[in-house]
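Heads up, the thing below is written out as structure tokens.
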Amino acid sequence: MSSSRVAALLMAAGYSRRFGSGDKRCALLPDGQTLLATSVANAQRAFTYLRVAVREEDDPALLGLPKDVTLVRVREANLGLGASLAEAVGIMSHDSSLDDIDAVAILLGDMPYLEPETLLALQRQTSRDTIVRPCFEGRPGHPVIFGRTMWPALERLSGGDGAKSVIKQYASRLRECPVADAGILRDIDTPADLPGLFS
């Protein structure tokens, strides 16, 4: 499958309370880019179609986002990741420019270590009827790509548990993809996770 058949949805509407009082998405990395901008740039290198889910009131310039990024504004981000996912996927389902898309890759805005080659490899494993999840040394990670058949189930999510219930519901359609990229496991939860990012 061409990489253009998979749309990326990068989730960046959460409140990241474990990070402290500052907005984690605006945390500066050693190269001067924000955490979120770095995660978005990685996704842009691997996906033709990208949507970034942010809160309704967010200013993309303050988040360090380029002007050409298409935003999905989530109104109920305070209800948790599952609720945000449901709302964002619902918006994508009704976006006529995505009618030919076969799957959505759910990326997290606090995972700047992902290698674009990994994202491309996962897309090659994708179909409308599969869930593709990367594994590094036997440990499952992100992003997870959901074929379009599973989108209605994503739209029914609620609360803060993300899409684990959809993966469980469609376990027979799960395709594990071994990758040599520890970045699929590494996210930024607290300020202590930032030092040595590029070491």
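The values are calculated or read from the model by the stated rules, or taken from the named source; none is laboratory data. All values derive from a computational prediction rather than experimental measurement. Note: ideal-geometry Cβ built from the backbone for every residue, glycine included; neighbour counts use all protein chains shown. Accessible surface areas use protein heavy atoms only, side chains included; no ligands, DNA or RNA. Shrake-Rupley method; radii C 1.70, N 1.55, O 1.52, S 1.80 Å.
Details
- Fluctuation leader among F146, F136, F47 - the chain, Gaussian network, Cα springs under 10 angstrom: F136
- Amide hydrogen neighbours beyond the local backbone of D23, cut-off 5 Å, H modeled: none
- Whole-Hz couplings from phi, Karplus 6.51/-1.76/1.60, listed for the stretch 117-129; x for Gly and Pro: 4, 5, 4, 5, 4, 5, 4, 5, 8, 8, 9, 5, 10
- Long-range amide H partners of L108 with built H, under 5 Å: M11
- Between L50 and A8, the built amide H atoms are under 5 Å apart, and every one of these is 5 or more places off in sequence or on another chain.
- If both residues of a DSSP beta bridge must be in the chain, then about 30% of such bridges are antiparallel.
- A compact globular protein would have a Cα radius of gyration near 2.2 N^0.38 Å; the ratio found for the chain is 0.95.
- In sequence order, calculated HN-Hα J values of the stretch 38-49 (Karplus, 6.51, -1.76, 1.60; Hz; x Gly/Pro): 5, 4, 5, 4, 4, 5, 4, 6, 10, 10, 6, 10
- For the chain, carbon and sulfur atoms together expose 49% of the accessible surface, with a 1.4 angstrom probe and every protein chain in place.
- The chain, relative contact order in percent, only Cα pairs under 8 angstrom and at least six apart counted: 26 percent
- Helix-only [θ]222 nm of the chain, DSSP H runs n ≥ 4, -39500 (n - 2.57) each, per residue, nearest 500: -6500 deg cm²/dmol
- Gyration tensor (alpha-carbon) shape descriptor, the stretch 30-76, a/c threshold 1.5: oblate
- HN-Hα J in Hz across the stretch 104-115 - Karplus 6.51, -1.76, 1.60, θ = phi - 60°, x for Gly and Pro: 10, 9, 8, 9, 10, x, 10, 10, x, 8, 4, 8
- A192-A171 FRET efficiency (beta carbon distance; Förster radius 45 Å; 0.05 resolution): 0.80
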